[in-house]
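Q: There's a structure below that I have some questions on.
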Amino acid sequence: MSTLGQRFLDSLQDGRTVWLDGEKVENVSTHPAFQGTLHTLTSLFQTLEDDGTREQVGFRSPRTGEYVHAAFLVPHTLADLQKRTAAFARWDRQTHGVMSRLSEYARSLVTGWYAARDTYQKFDAHFSEKITRYYEQARDHHRFVTTALLDPQIDRSKEPSEQSDPDAVLRIVKKTEDGVFLRGAKMIATAAPYTHDFLVYPFHRLHDGDLAHAHMMIVPANTPGLHIVCRESFASGQRDAQPLSARYDEMDAVLLFDDAFVPWERVFLHDNPQAVWELRLDETANGLAYHSTVVRLLVKLEFVAGVAFAIAEAIGANHHLHVQEKLGELTIQLETVKALLAASETRGKADRYGTFVPDLTPIETARNLGPRYYPRAIEILQQIGAGGFMQVPSQAERLAGELGGLIQKYYRGANVDAQDRIRLFRLAWDLIGSPLGSRHELYERFYLGDPVRTYAAQYLRYDKERFQSRLRDFWNLIAAEEGKQDGSASTVSV
């Protein structure tokens with residue numbers, strides 16, 4: 001195991017409180033439910049140490065000289081931004097896009113806030129100092145970071161301050177000279193059991209009546225009073241039968257804060273809905289973070305498409321026109337997202353602080369397509385494999401002795417033997433039929449938030465004036481033509 005990988009595992013033995021299956025997990029690094037995922041993560045950390053990959057995945061820290069992940073790279077040029085892309089793609093391809101929270105998203109938020117830190121000095125004179133200190137610590141110590149932004153689904157018809165239970169939504173209940181005490185809950189914290197820090201702030205806009213809930217802080221996972229409550233594990237010990245579930249189960253959790261103490265150095269904004277909302281919408285941070293999600297989406301769609309192509313060819317279905325149409329739809333998905341990613345980078349610009357930020361319009365377009373593209377890709381995979389998914393025998397390896405000849409005869413494909421066909425269909429089933437596969441479809445549908453709101457938000461932010469001006473020009477042209485005919489002239493406003 002690499003040095004960084006071992007350091008990562010050792011760092012998880014820090015007194016954090018993790019609950020799974022009704023029991024407290026004594027040691028996250030050795031618990032069976034996390035073994036496959038942690039093995040994957042340690043292999044990713046190794047890429048920062050290997051001579052052949054570290055230049056692609058990272059850059060040298062200006063403080064330590066060690067290679068750190070490129071998610072912490074503040075881009076000043078297009079080349080810098082593309083270096084970030086290459087790093088994201090390297091880790092995403094190593095996990096086939098199936099691990100959606102490899103920390104690049106949250107790390108990129110931190111990097112963006114650090115790059116735009118002077119913006120928030122007007123809200124807190126210590127913001128710049130605190131975010132700089134945390135950014136350098138997270139970068140140089142390879143901190144694994146994730147987000148916990150949503151409120152628990154207790155009564156979604158009410159604002160935080162209107163809830164019947166004042167502790168339903170995470171709030172500051174006490175302030176001291178040293179820090180604040182928190183009470184309430186946040187969801188969904190993907191990768192929570194093995195993260196180091198949680199970015200905690202409201203996802204939706206708050207109003208002046210919600211001051212106690214209007215905060216942004218970075219909470220250590222081993223904070224006293226913080227309980228990490230995991231969902232059911234989808235991990236599998238069958239590495240051959242369930243290759244994805246055995247390696248890539250990103251655990252999701254709810255964070256319960258029971259008078260959890262957070263020191264002031266980790267409280268970046270508080271009691272200020274406007275400040276928190278501006279930080280939530282920060283274009284530098286969001287541009288860098290959203291950019292990473294589009295890279296992952298592309299890699300994940302490439303993986304699903306690759307499985308679909310292989311299954312169609314294995315059973316000879318790729319000769320049928322209606323199957324070719326569906327496979328063509330998958331290629332259109334890939335090329336659309338790829339083009340949007342490229343457009344976001346080449347149309348990027350330096351912001352007022354000199355940070356080269358990708359263009360948000362193609363990024364938002366790609367992200368809005370994802371919740372529709374991925375479920376459709378899974379549906380196409382289901383349609384192509386069809387009843388073949390029900391044909392795969394359990395424990396096929398044990399049948400090889402007595403029924404070996406029959407297995408080879410009836411389970412083979414058009415151009416593959418029985419063993420390869422069974423392996424391929426098992427992989428596809430892990431994508432479409434396993435608990436992990438179902439979790440991923442749900443995740444891709446909703447991880448951005450309500451799809452209706454995200455589409456509406458893109459319309460509201462879009463530059464509509466240029467199209468409306470063309471319409472005005474058209475009406476004015478007609479008015480001018482009519483004016484020439486009757487000797488008068490007029491203009492039309494729209």
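Q: On the basis of being part of a helix (DSSP H, G or I) and surrounded by fewer than 18 Cβ atoms within 10 Å (Cβ to Cβ), does residue 107 make the cut?
A: Numbers: part of a helix (DSSP H, G or I): yes; surrounded by fewer than 18 Cβ atoms within 10 Å (Cβ to Cβ): no.
No: the conditions fail for residue 107.
Q: Right, next: Among the residues of segment 221-238, are any surrounded by fewer than 19 Cβ atoms within 10 Å (Cβ to Cβ), in contact with a Lys or Arg (Cβ under 6 Å, 6 or more places away or on another chain) and of a type outside the set (Gly, Ala, Ser)?
A: yes
Q: A follow-up question, please. Of all residues in segment 361-393, count the ones that are of a type in the set (A, V, I, L, M, F, W, C), outside any helix (DSSP H, G or I) and surrounded by fewer than 16 Cβ atoms within 10 Å (Cβ to Cβ).
A: Kept after step one, since they are of a type in the set (A, V, I, L, M, F, W, C), are these residues of segment 361-393: 363, 366, 369, 377-378, 380-381, 384, 386, 389-390, 392.
Now narrow it down to the ones that are outside any helix (DSSP H, G or I): 392.
Narrowing the set further to residues that are surrounded by fewer than 16 Cβ atoms within 10 Å (Cβ to Cβ) leaves none.
Selection size over segment 361-393: 0.
Q: Tell me which of these residue 177 doesn't satisfy, since it passes every other one: (1) in a strand (DSSP E or B); (2) of a type in the set (D, E, K, R); (3) open to solvent by 30 Å² or more (accessible area, probe 1.4 Å).
A: (1)
Q: Checking residue 333 against (1) surrounded by fewer than 19 Cβ atoms within 10 Å (Cβ to Cβ); (2) part of a helix (DSSP H, G or I), which single condition isn't satisfied?
A: Result: residue 333 fails condition (1) only.
Q: Going through 347, 367 one at a time, which residue ends up being without any contact (Cβ under 8 Å) to a residue 40 or more places away in the chain and within 19 Å of residue 286 (Cβ to Cβ)?
A: Working: 367 fails: without any contact (Cβ under 8 Å) to a residue 40 or more places away in the chain.
When all the criteria are applied, what remains is 347.
Q: For the list (1) in contact (Cβ under 8 Å) with a residue 60 or more places away in the chain; (2) not in a strand (DSSP E or B), I need the number of the one condition that residue 212 fails.
A: (1)
Q: So, one more: Check whether at least one residue in segment 258-270 is surrounded by fewer than 21 Cβ atoms within 10 Å (Cβ to Cβ), more than 30 Å from residue 90 (Cα to Cα) and without any contact (Cβ under 8 Å) to a residue 60 or more places away in the chain, and report yes or no.
A: There is no residue in segment 258-270 that is surrounded by fewer than 21 Cβ atoms within 10 Å (Cβ to Cβ), more than 30 Å from residue 90 (Cα to Cα) and without any contact (Cβ under 8 Å) to a residue 60 or more places away in the chain.
Q: Under the condition of being aliphatic (A, V, I, L, M) and touching a residue at least 40 places away in the same chain (Cβ under 8 Å), which residue from segment 415-435 is nearest to residue 99 (Cα to Cα)? Working first, answer last.
A: Let us first name the residues in segment 415-435 that are aliphatic (A, V, I, L, M), namely 416, 418, 422, 424, 427-428, 431-432.
Next, from what is left, pick out any that are touching a residue at least 40 places away in the same chain (Cβ under 8 Å): 416, 424, 427-428, 431-432.
On the way: 416: 29, 424: 20, 427: 16, 428: 16, 431: 13, 432: 15 Å.
So, considering only residues that are aliphatic (A, V, I, L, M) and touching a residue at least 40 places away in the same chain (Cβ under 8 Å), the one nearest to residue 99 (Cα to Cα) is 431.
Every residue, every condition in (1) aliphatic (A, V, I, L, M); (2) touching a residue at least 12 places away in the same chain (Cβ under 8 Å), yes or no:
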| residue | (1), (2) |
| --- | --- |
| 295 | yes, yes |
| 340 | yes, yes |
| 371 | no, yes |
| 379 | no, no |
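Q: Among what's in segment 49-68 and is farther than 18 Å from residue 356 by Cβ and open to solvent by less than 40 Å² (accessible area, probe 1.4 Å), pick the residue that is farthest from the chain's Cα centre (by Cα).
A: Ranking the candidates gives 65 first.
Q: Then there is this: When only residues in segment 432-481 that are touching a helix residue (DSSP H, G or I) at 6+ places or on another chain (Cβ under 9 Å) and of a type in the set (Lys, Arg) count, which is surrounded by the fewest Cβ atoms within 10 Å (Cβ to Cβ)?
A: For segment 432-481, the residue satisfying everything is 461.
Q: Shifting gears a bit: For residue 156, are the conditions met, namely being in contact (Cβ under 8 Å) with a residue 40 or more places away in the chain and either outside any helix (DSSP H, G or I) or closer than 16 Å to residue 219 by Cα (or both)?
A: Here the answer is no, as residue 156 does not meet what is asked.
Q: So in segment 132-148, with the set limited to residues that are open to solvent by 30 Å² or more (accessible area, probe 1.4 Å) and under 14 Å from residue 103 (Cα atoms), which one is farthest from the chain's Cα centre (by Cα)?
A: Here the answer is 141.
Q: For segment 8-33, name all the residues that are within 11 Å of residue 196 (Cα to Cα) and out of contact with any Ser or Thr (no Cβ under 7 Å at 6 or more places or on another chain).
A: Scanning segment 8-33 gives 11, 14, 16.
Q: Moving on. Please pick out the residue among 5, 97 that is touching a Phe, Trp or Tyr at 6+ places or on another chain (Cβ under 8 Å) and in a loop (DSSP other than H, G, I, E, B).
A: Going through 5, 97 in turn, just one is touching a Phe, Trp or Tyr at 6+ places or on another chain (Cβ under 8 Å) and in a loop (DSSP other than H, G, I, E, B): 97.
The values are calculated or read from the model by the stated rules, or taken from the named source; none is laboratory data. Here the structure is a predicted model, which is why all the values come from computation and not from measurement. Counting neighbours? That spans all protein chains shown, and the Cβs are built from the backbone with ideal geometry, glycine included. When the accessible area is computed, the model is the full protein with side chains, heavy atoms only, and any ligands, DNA or RNA have been set aside. Shrake-Rupley method; radii C 1.70, N 1.55, O 1.52, S 1.80 Å.
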